[in-house]
Structure formats: structure tokens, C-alpha cells
């Protein structure tokens, strides 16, 4: 049985030259936003650090806020509509801006702790 379904898409978050982490986008969290991101794959951008808890990269995805939250757990994947950024939470955090929850990292999340500003993130469908 495949790990990919209509409601859950298994993707790969690659930190170019460093690591690959499994990433699940979950359509039930934010159907419109996840659909828009899926149609935009693959996505690539330079890594940025926001505080000590959030790594993100900017994309060209344009989607408004959907089912917004401001409290997140380690491993959560969110979308920040104001900048079109996909964000990854390194720790549990309460964030000043609301974000759209879109999924969860399911691999070696600690590999994100080695990411430096300017590293290249690439997110794509797992075709293996």
C-alpha cells in the first residue's frame, strides 16, 4: 500500500548537499493551500532562520491565510502567506504572526539544526 493518498502527500525536503527529510503535506489541514503548493512543485529557495525556532524559504506560491494558527510543535510545516514562505519548526513555538498549517516533517528533523542561512532548500514529490 502506498504512503501517498489523496489527503496526504509524501514529499522530500532536501537541504542541498547535506540531508533529505521526509515531509508530509496534509490536505485536511488546509485544502486550498496544500493544493496550490502541490501544483507548484518542485519548489526551491535559500534557507533563512527566523529566531531560533523557524527555518523557512520563500516561494512564488500565492495563497491567502487558511485555518490560521500561531502555536506550533517541533516538526510542523506551515505556510506564511505574507511572504509566500514555507516554514519548518525546529522547536515548539508561539509565533507573533498567524500561519497556515500544511503538514509535518517525519524524518530526521535534527538535520535542520545544521542548516545555515543561504543553504538551498528543495521540496519535491518522492518518486521512489
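Data table
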item	result
Subset of region 9-31 (residues that are farther than 23 Å from residue 91 by Cβ, touching a strand residue (DSSP E or B) at 6+ places or on another chain (Cβ under 9 Å) and surrounded by fewer than 17 Cβ atoms within 10 Å (Cβ to Cβ))	16, 17, 28
Filter pass, residue 61 being exposed (fewer than 15 other Cβ atoms within 10 Å of the Cβ) and without any contact (Cβ under 8 Å) to a residue 60 or more places away in the chain	no
Sole exception among (1) at negative phi; (2) within 14 Å of the chain's Cα centre (by Cα) for residue 84, by number	(1)
Residue satisfying condition, being under 17 Å from residue 25 (Cα atoms) and surrounded by fewer than 17 Cβ atoms within 10 Å (Cβ to Cβ), within set 52, 104, 74, 97	74
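Results for (1) touching a strand residue (DSSP E or B) at 6+ places or on another chain (Cβ under 7 Å); (2) within 20 Å of residue 41 (Cα to Cα); (3) touching a residue at least 60 places away in the same chain (Cβ under 8 Å), shown as yes or no for each residue.
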| position | (1), (2), (3) |
| --- | --- |
| 87 | yes, yes, no |
| 95 | yes, no, no |
| 105 | yes, yes, yes |
| 108 | yes, no, yes |
| 113 | no, no, no |
| 117 | yes, no, yes |
| 122 | yes, yes, yes |
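The numbers here are math on the coordinates, done by the rules we state, and not lab data. Fair warning: this is a prediction, and the values are worked out from it, not measured in the lab. Quick reminder, even Gly has a Cβ in these numbers, built from the backbone with ideal geometry, and neighbours come from all protein chains shown.
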